[in-house]
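Novice: One structure coming up, written as structure tokens, with questions to follow.
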Amino acid sequence: MVDWLMEFRALGKTGDVLAAVGMGTWKMENHIDSIESLKRGIELGSTFIDTAEMYGNGHVEEMVAEAIRGVREKVFIGTKVSPENLSYDDLLRAAERSLRRLNISTIDLYQVHWPNSEIPIRDSMRAMEHLVNQGKVRFIGVSNFSSRQTNEAQEALSRHELVSNQVEYSILERGVEKDLVPYCQKEHINIIAYSPLAREGIFRGKVGEELESMGKNYGKTSAQIALNWLLTKPGVVTIPKASKISHLEENINSIGWKLSPKDEKILDELSMI
Ligand code: NAP
């Protein structure tokens, strides 16, 4: 059960918004359960779905197509182009394949999945802008880009803005906090936090103990505390993956309440051991 409304975050400077708790799809293997989970998530307002041409070699995009059938207009679809497809022509072809598999006419957010030092980013961004001009893509993003690479991608765009950078960010994985998060916040580029539940939904060590004991005070689980903490950061949205509906509902219930400033600070200052 979910007893509140989804929260949204501004998407860059676009005037559009993103659900604060979206849905990841990497390793969504069990077809039926995963599609049911995505459908339930959409019903509950988790309307941002993250996928990639790489996931299941295209198969996961087809699963997403099934999940959004009849409700496409409610959903914000982000997919990603693989690093081997970043040349101008390859990127345009990859976008066509993703559109076909997703069975949609416009990708809401098209992201470069990983940088590729062999292919100039300006070629990829030129292709991205062409797709936006054609109406096949609404917004352009990157993933796994450092602050320098993010800046290069921005500089390579002439007509459209870079809106997001999708990177690993969780209470256990905080390397992006040093440079990238401040850079993106300054530039109004959203951070889409991937693997926000530390990839397995399990938090070990000192951090795990702290999450568990803090959770007891709020009547929340460790996963809910971890997601809520990420969402205290301006411009950050999360995309936990949940094939189990119980996990999905738990994740959606990670918002609609607030950590106290004191607890937020305790979590901010936790060492990563
Ligand atoms: P994650 O979301 O941190 O963790 C997913 C795991 O946690 C699954 O095993 C899931 O189980 C479990 N889980 C979910 N909710 C839970 C809860 N409330 N309590 C306990 N366990 C829970 O890991 P992720 O899949 O690596 O990351 C999320 C998404 O980020 C991916 O699916 C993908 O869309 C994206 N991603 C992007 C990149 C990139 O390079 N851009 C890389 C990695 C991931 P069940 O599935 O069984 O429910």
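Novice: Exactly one condition in (1) under 20 Å from Asn151 (Cα atoms); (2) outside any helix (DSSP H, G or I) is not met by Leu197; state its number.
Specialist: (1)
Novice: Among the residues in region 1-11, are any over 16 Å from Leu231 (Cα atoms) and under 15 Å from the mean Cα position of the chain (by Cα)?
Specialist: Within region 1-11 (the criterion being over 16 Å from Leu231 (Cα atoms) and under 15 Å from the mean Cα position of the chain (by Cα)), the answer is no, since none of the residues qualifies.
Novice: Anything in region 1-27 that is within 15 Å of the ligand (Cβ to nearest atom) and either open to solvent by less than 10 Å² (accessible area, probe 1.4 Å) or within 18 Å of Glu73 (Cα to Cα) (or both)? List them, or say none. If you could, list the steps in order and put the result at the bottom.
Specialist: First, pick out the residues of region 1-27 that are within 15 Å of the ligand (Cβ to nearest atom): 1-2, 18-27.
Listed by number, the residues that qualify are Leu18, Ala19, Ala20, Val21, Gly22, Met23, Gly24, Thr25.
Novice: What are the pairs, 6+ residues apart or on separate chains, where a residue within region 82-108 that is on the phi > 0 side of the Ramachandran plot and in contact (Cβ under 8 Å) with a residue 24 or more places away in the chain has its Cβ under 9 Å from a residue that is in a helix (DSSP H, G or I) and open to solvent by 50 Å² or more (accessible area, probe 1.4 Å)?
Specialist: So the pair list comes out as Asn103/Glu62; Asn103/Glu66; Asn103/Arg72.
Novice: Also: I'd like the residue in region 44-76 that is charged (D, E, K, R) and within 18 Å of Phe8 (Cβ to Cβ) and, out of all such residues, is nearest to the chain's Cα centre (by Cα).
Specialist: Applying the first criterion (charged (D, E, K, R)) to region 44-76 yields 50, 53, 61-62, 66, 69, 72-74.
Narrowing further to those that are within 18 Å of Phe8 (Cβ to Cβ): 50, 73-74.
Values: Asp50: 6, Glu73: 19, Lys74: 17 Å.
Of everything passing the filter in region 44-76, Asp50 is nearest to the chain's Cα centre (by Cα).
Novice: Just the residues that are in contact with a helix residue (DSSP H, G or I) (Cβ under 7 Å, 6 or more places away or on another chain) and either within 14 Å of the ligand (Cβ to nearest atom) or of a type in the set (Ser, Thr, Tyr) (or both), please, taken from region 206-217.
Specialist: If the condition is that a residue be in contact with a helix residue (DSSP H, G or I) (Cβ under 7 Å, 6 or more places away or on another chain) and either within 14 Å of the ligand (Cβ to nearest atom) or of a type in the set (Ser, Thr, Tyr) (or both), then Gly208, Leu211, Glu212, Gly215 are the ones that fit.
Novice: Could you tell me whether any residue of region 32-41 is in a loop (DSSP other than H, G, I, E, B), at pLDDT 95 or above and polar (S, T, N, Q)? Give the derivation first.
Specialist: Pass one, region 32-41, residues in a loop (DSSP other than H, G, I, E, B): none.
No, region 32-41 contains no residue that is in a loop (DSSP other than H, G, I, E, B), at pLDDT 95 or above and polar (S, T, N, Q).
Novice: Go through (1) at pLDDT 95 or above; (2) assigned to a loop (DSSP other than H, G, I, E, B) one by one and return the number of the condition Ile202 breaks.
Specialist: Failing condition for Ile202: (1).
Novice: Could you tell me whether any residue of region 87-98 is open to solvent by less than 50 Å² (accessible area, probe 1.4 Å), of a type in the set (S, T, N, Q) and more than 15 Å from the chain's Cα centre (by Cα)?
Specialist: Checked region 87-98: at least one residue is open to solvent by less than 50 Å² (accessible area, probe 1.4 Å), of a type in the set (S, T, N, Q) and more than 15 Å from the chain's Cα centre (by Cα).
Novice: Taking region 30-55 only, how many residues are within 9 Å of the ligand (Cβ to nearest atom) and of a type in the set (Asp, Glu)?
Specialist: Going residue by residue through region 30-55, those that are within 9 Å of the ligand (Cβ to nearest atom) are 30, 33-34, 37, 49-52, 54-55.
From what is left, the residues that are of a type in the set (Asp, Glu) are 33, 50.
Total satisfying the criteria: 2.
Novice: Right, another one. Kindly establish whether His160 is in contact (Cβ under 8 Å) with a residue 40 or more places away in the chain, open to solvent by 10 Å² or more (accessible area, probe 1.4 Å), more than 16 Å from the ligand (Cβ to nearest atom) and within 17 Å of Thr14 (Cα to Cα). Break it down stepwise before answering.
Specialist: On the way: in contact (Cβ under 8 Å) with a residue 40 or more places away in the chain: no; open to solvent by 10 Å² or more (accessible area, probe 1.4 Å): yes; more than 16 Å from the ligand (Cβ to nearest atom): yes; within 17 Å of Thr14 (Cα to Cα): yes.
Taking the combined requirement at face value, the residue does not satisfy it.
Novice: Now for a different question. Is there any pair linking a residue in region 198-223 that is under 17 Å from Arg174 (Cα atoms) and touching a residue at least 24 places away in the same chain (Cβ under 8 Å) to one that is in a loop (DSSP other than H, G, I, E, B) and open to solvent by 60 Å² or more (accessible area, probe 1.4 Å), with Cβ under 6 Å and at least six apart or on different chains, and which?
Specialist: Gly205/Ile273; Lys206/Ile273
The values are calculated or read from the model by the stated rules, or taken from the named source; none is laboratory data. All values reported here derive from a predicted model rather than from experimental measurement. All Cβ positions, glycine included, derive from the backbone under ideal geometry; neighbour counts span all protein chains shown. Accessible surface is based on the protein model in full, side chains and every heavy atom, while ligands, DNA and RNA are left aside. Shrake-Rupley method; radii C 1.70, N 1.55, O 1.52, S 1.80 Å.
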